[in-house]
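One structure is given below, encoded as structure tokens.
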Amino acid sequence: MKYIKKDLKEGIKLHLINTNKFKTNLFAIYLAVPLEKETATSNALLTAVLKRGTANLQSQELISKKLEEMYGASSDFGVDKNGDMQVIKFYLETINEQFLPEKENLNVKAIDLLLDFVFNPLIENDCFKKEYVDSERNNLKQIIEAKKDNKIRYSLDRCIEEMYKGKPYGNYKYGCIEDLEKIDEKSLYDQYKKVIAEAKIDIFCSGENINVEENIINRLNNINGRKVNVVVDNELDSKEVKNIEEKMQVSQGKLVIGLKIDSNLENHKFISSVYNAILGGGANSKLFQNVREKEGLAYSAGSNFVRVKDSIFIRCGIEIDKYNKALETIKEQLEDIKNGNFTEEDMNSAKKLITSSMKSIAEEQDTEITYYYGQDLSGEYNSLEEYIEKINKVTRNEVVELSKNIKINTIYFLRD
Amino acid sequence: MKLIESSLIKEKAYIEKLENGLTVIIIPKNNTNKKYIIWGTHFGSIDNKFIVPDTGEEVSIPDGVAHFLEHKMFEQQNGTNSLDTLMALGLDANAYTTNDHTAYLFECTDNFYEGLDELMDYVQNPYFTDQNVEKEKNIIAQEIKMYDDDPAWQLYMRTMECLYKENPVKIDIAGTVESISKITPDVLYKCYNTFYHPSNMVLTVCGDFNPENLLEEIKKRLVKKESAGEIKRLYPEKENKINKEMSEKKMGVSTPIFMIGYQDSELQSKDIVKKHIAIEILLNMLLGESSDLYKELYDNGILLAKPDLEYEFSQTYAHILISGQSKDPKTIYSKLKEKVNEYKNSGLNDEHFERIKKKIYGDYVTEYNSVANIARMFMADKFKGINSFDYIEEFKTVNKKYVQEVLNSVFKDERMVISIVY
């Protein structure tokens, strides 16, 4: 594997990942803009409308035909929240040409089509097509409404919203229904022009012998460079723990606890990652062993670390009347780490958990792209090997030291 | 070892049937760090009546035994749990039970042989006691209740209920709280001894290995067992009509979910791979993203995304499943019925057929991107008597005439059902 990053213009980068691990080549374009309440919904809707038609292929039917013709190339568009940035993602995956029954240049077709989706959409009278905007507005409305269907996901989203209330990170990546009604085909096109002019743009090509660099550079001729603004707002003012309880028809209660890490330690992100793995990383973690196995309070118990936000979210599915006992047991685990009550074995199994998932990153094309993108967005760069090395260097003392600066910020409970 | 290969996608597989009857399949991939091993037994939830090979005794077991057995396999006599042991090695370990098989697996980058020690040890050494079986009943009862709350699982079970009157595929894989209460260590040992015999099992590994060396490592870890005769499974007669056309259930989802089924009257035929390819082509011609019907449904807001299209089959059942989310599933049902009849009457469009064929080829090739996918596919296909490469190799032999025949014989109005969860 070889990874090369090139600046095409200010704020526009090309990332080439040369790998022979896959039967497919994957192309991706990411547009990143600050996540703001005012534009989040528009950007989500924009993503959906762009998939409906390009100037060359004006309907979904024509696009689908084209993709099928390209041996079932698949496209995938979506929005993501990466720290305080909203990232609009466009993907196109094709079969690597050496596995085709007949020779054909699929790479050029693929990158052309992907660039068309993003930079050459279907426009009528300085607007997006009304029919597409209307139908995608309805679809997005259903997606936002469906947020409540998955109770596990929903409780995490709600805890984040409460913990980061009024902050960029507190916004839902799909926006909200109230704002959706205000958007029309004209205002959406204006927002599109703004995004294209201001977003941080990253183009990824992953696969073997792709050779489409020329095509990409030519297509970006009329796109200007831009000053990119990557927002990081990690200040939380709340001094007291926020307690939020919400009621819904559930048979199992969902407890989510947001922790905030405030640390000046060098490499504190790597220490936090090890801390999180000890706390709730897997079947050997303190949460799983104590909350689930020992006390039998939960079917699921674990935690995840949000690197860009220096936050950890503990998540448990518990019997509703065992709330107090569960909370107490979780707090005991946090205290335990502070007091150094964990073994060398806990350290090792935590590191193993992280490093083995790091070693798997290059085995999935989209995961690998996401990794390099995350590194780029955060302004640091660690190769996978360097990352693993830094994890392995974390010491027991550093974990204890860090744990003193970790505080519960928000306790969210979904119950019946 | 016997070598099979696919020149089109440049992959090879080595197959060996060992003396004790165990089938080992090794798919070497030297450009990956990931290793995946899966060891399965041809014993699933539908195998609830059978004849024990050495005694000739006919046995009926409570519903949910295969799944119960899967849960109990991890527990060791020395008090440890093999799942924890594997996870502590940094391996991603798991197990699952389906209608027709049970499998134990792990995925890793390092510590493969340490994991192999543990995997082969626990699968070959069951430890069931009155006490640990009783304890498990509570845990599984919790799991059954969790699935009772799961709209997608309820949808599937209700579709099976529509399709079949007697077939055991309609029984919940985990059984019921009542049925599992009857499970004893004795039942578990009887099933273990019958179905976990090497001759009824397939072990598949994919990753960067020398096949001969790996085979030796596997052989070293095998417990010696006497060879056994064939297990006779007793399934009800093939069903010639559906049980009921429709099922509806209210569960409070934001948009209804639906599953449309077609019962296939013909069970596993000789050219099953060809037939499977033909069905996938047809489903994509009918409801794929470039189809007229999909366009119409999408434009009217009835479908938001392409439905899941699947053909499920074993020795005792075969059906097509089309599922998705929609505010108006009944319209999809009636429009699909119309479209099938239109295709039957006017024939398939040449250009559309060739295009979808290309798409399906691409889908098959993409399956070979992950070691997990490859290993699982070779094992599951082996239980069905299929060599997975055949999907790539037989592809060119599937022509429009054959696909049209499959359309006429499989997609029948009177074999169609729908289940909806609101």
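The values are calculated or read from the model by the stated rules, or taken from the named source; none is laboratory data. Note that this is a predicted model, so its numbers are computed, not measured. Every residue, glycine as well, gets a Cβ built from its backbone with ideal geometry; the counts of neighbours run over all protein chains shown. All accessible areas refer to the heavy atoms of the entire protein, side chains included, with ligands and DNA or RNA removed. Shrake-Rupley method; radii C 1.70, N 1.55, O 1.52, S 1.80 Å.
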Open item on the list: If I take every Cα pair under 8 Å that is 6 or more residues apart in region A:253-315, average their sequence separation and divide by the length, what percent do I get for the relative contact order?
Closed with: 41
Task: Amide H partners (placed H, <5 Å) of B:Asn99, local residues excluded - done: B:Ser45
TODO: Summarise the long-distance tail of P(r) for region B:246-421 by giving the % of C-alpha pairs beyond 30 Å.
DONE: 19
Open item on the list: On alpha carbon coordinates alone, what is the Rg over Rh value for region A:2-219, Rh being the Kirkwood radius?
Closed with: 0.98
Task: Whole-Å semi-axes of the ellipsoid equivalent to chain A (Cα gyration tensor, √5λ, descending) - done: 40, 26, 20
- [ ] Report in % the part of the accessible area of the protein assembly as shown that belongs to carbon and sulfur, leaving out ligands and nucleic acids; probe 1.4 Å.
- [x] 45
Open item on the list: Helix-only estimate, please: 222 nm mean residue ellipticity of chain B, summing -39500 (n - 2.57) across DSSP H runs of length 4 or more and dividing by its residues, to the nearest 500.
Closed with: -12500 deg cm²/dmol
TODO: Work out which residues of region A:281-313 lose at minimum 20 square angstrom of accessible surface when the other protein chains are put back, relative to the chain isolated, with a 1.4 angstrom probe, and list them by number.
DONE: A:Ala283, A:Asn284, A:Tyr299
Open item on the list: Using the basic label-point model (7 angstrom from Cα toward the beta carbon), what is the A:Met248 to A:Lys193 distance in nanometres?
Closed with: 4.0
Task: Accessible area buried between chains A and B, both sides summed, probe 1.4 Å, in Å² to nearest 100 - done: 3800
Open item on the list: Let's test the formula: R0 of 35 Å, r as the Cβ-Cβ distance of A:Asn209 and B:Trp153. What FRET efficiency results, to the nearest 0.05?
Closed with: 0.20
Task: Packing rank of A:259-272, B:200-213, A:231-244, where each peptide gets the mean count of other beta carbons within 10 Å, highest leading - done: B:200-213, A:259-272, A:231-244
Open item on the list: On a 27 Å Cα-Cα criterion, which of the cross-link pairs B:Lys250/B:Lys339; B:Lys358/B:Lys384; A:Lys193/B:Lys306 come out too long?
Closed with: B:Lys250/B:Lys339; A:Lys193/B:Lys306
- [ ] Note every residue of region A:57-72 with a reduction of at least 40 square angstrom in accessible area, all protein chains present versus the isolated chain, computed with a 1.4 Å probe, or write none.
- [x] A:Glu61, A:Lys65, A:Glu68, A:Glu69, A:Tyr71
Task: Projected area, mean over directions - region A:301-383, Cα convex hull, nm² - done: 7.6
Task: Relative contact order (percent, whole number), chain A, Cα cutoff 8 Å, 6+ residue spacing - done: 21
Open item on the list: Taking each residue in A:13-23, count the Cβ atoms of any other chain within 10 Å of its Cβ, then average. What number comes out?
Closed with: 3
Task: Charge dipole (debye, nearest 20) of chain A; +1 at Cβ of Lys and Arg, -1 at Cβ of Asp and Glu - done: 520
- [ ] Arrange the peptides B:165-178, B:371-384 so that the one whose residues have, on average, the most other Cβ atoms within 10 Å appears first.
- [x] B:371-384, B:165-178
Task: For region A:2-219, accessible area per residue (1.4 Å probe, heavy atoms of protein chains only), Å² - done: 39
TODO: Among A:Asn105, A:Ile123, A:Asn138, pick out the residue whose Cα is farthest towards the positive end of the charge dipole of region A:83-153, where Lys and Arg carry +1 and Asp and Glu carry -1 on C-beta, about the Cα centre.
DONE: A:Asn138
Open item on the list: Along the Cα→Cβ direction, 7 angstrom out, place labels at A:Asn267 and B:Asn240. What is the inter-label distance in nm?
Closed with: 7.4
Task: Cα-centred dipole magnitude for region A:246-287, charges only on beta-carbon of K, R (+1) and D, E (-1), debye, nearest 20 - done: 160
Task: Residues in region A:127-167 that, when all protein chains are in place, have 40 Å² or more less accessible area than the chain alone would give (probe 1.4 Å) - done: A:Asn139, A:Gln142, A:Asp149
Task: Filter on A:Lys81/A:Lys260; A:Lys130/A:Lys167; B:Lys145/B:Lys359 - keep pairs with C-alpha separation over 30 Å - done: A:Lys130/A:Lys167; B:Lys145/B:Lys359
Task: Theoretical ellipticity at 222 nm over chain A - DSSP helices of four or more residues, -39500 (n - 2.57) apiece, nearest 500 - done: -12500 deg cm²/dmol
Open item on the list: So, for chain B, what is the accessible surface per residue at a probe of 1.4 Å, expressed in square angstrom?
Closed with: 41
Task: Burial order of peptide ranges B:110-123, B:40-53 (average beta-carbon count within 10 Å, highest first) - done: B:40-53, B:110-123
